[in-house]
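**Q** Let me begin by handing over the structure; questions about it come next.
Read the figures in this text as sums done on the coordinates, not as results from a lab. Bear in mind that the values here come from a model prediction, so they are computed numbers and not experimental data. Quick reminder, even Gly has a Cβ in these numbers, built from the backbone with ideal geometry, and neighbours come from all protein chains shown.
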Amino acid sequence: MFSLPVRVYWEDTDAGGVVYYANYLRFMERARSEWLRGLGFEQDQLRDEAGVVFVVRRVVIDYLAPARFNDLLDVSVRLLETGRASIDVEQDIAVGPTRLAFASVKLVCVDAARFKPAKIPADLFQQITRQP
């Protein structure tokens, strides 16, 4: 499992200092980007060199408790399943032991020019499937 610390800034919140619900998706996106980076893959290089990008096909999210201004969030990514053209992950957002939100996310690898499904590049597929 991969984990990314994310600080909540004022810009992430509403007037009451509570994180706006759509920003949880932004935090999760950052964690997925850093997860790929940690595996040695930059998304712009995948686009420019392999001609593929990952798009969100589906996301199901549950909100359990609010994140607030200045919280230090722990945003995690856990691989559930890998297909030839898709990746399913589970993501959690927590503050300490308190789980604030969790989501199931399906990512699809698509051809960057046509936005049609494409095989995950072999080197990335091998790195992802090696994950414990």
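**Q** What 222 nm value per residue comes from the helices of the chain, counting each DSSP H run with n ≥ 4 as -39,500 (n - 2.57) and dividing by all residues, nearest 500 deg cm²/dmol?
**A** Calculated at 222 nm, the ellipticity per residue is -5500 deg cm²/dmol.
**Q** Report the local net charge at ARG37: Lys and Arg +1, Asp and Glu -1, summed over other residues whose C-beta lies under 12 Å from its C-beta.
**A** So the surrounding residues net to -1.
**Q** Which value in nm describes the separation of the simple spin-label points at THR129 and ARG84, placed 7 Å from the Cα toward the beta carbon?
**A** 1.1
**Q** Which listed residue (VAL52, PRO5, ALA118) has the Cα farthest towards the positive end of the charge dipole for the chain, taking +1 on Lys and Arg C-beta and -1 on Asp and Glu C-beta about the Cα centre?
**A** ALA118
**Q** From Cα pairs below 8 angstrom and at least 6 apart in sequence, can you work out the relative contact order of the chain, rounded to a whole percent?
**A** 28
**Q** Here is a follow-up. Tell me, what HN-Hα J-couplings in whole Hz come from the Karplus equation 6.51 cos²θ - 1.76 cosθ + 1.60 at θ = phi - 60° for each residue of segment 93-110, using x for Gly and Pro?
**A** Values, residue by residue: 10, 9, 10, x, x, 8, 7, 9, 7, 8, 8, 10, 10, 10, 9, 10, 7, 10 Hz.
**Q** Using the Cα centre as the reference, give the magnitude of the dipole from point charges on the C-beta atoms of segment 2-129 (Lys, Arg: +1; Asp, Glu: -1; all else neutral), rounded to the nearest 20 debye.
**A** 360
**Q** Hey, another quick one. Please report the net charge: other residues with Cβ closer than 11 Å to the Cβ of SER86, K and R +1, D and E -1.
**A** The answer is +3.
**Q** When only C-alpha pairs under 8 Å and at least 6 residues apart count, what is the relative contact order of segment 58-99, in percent?
**A** That works out to 36 percent.
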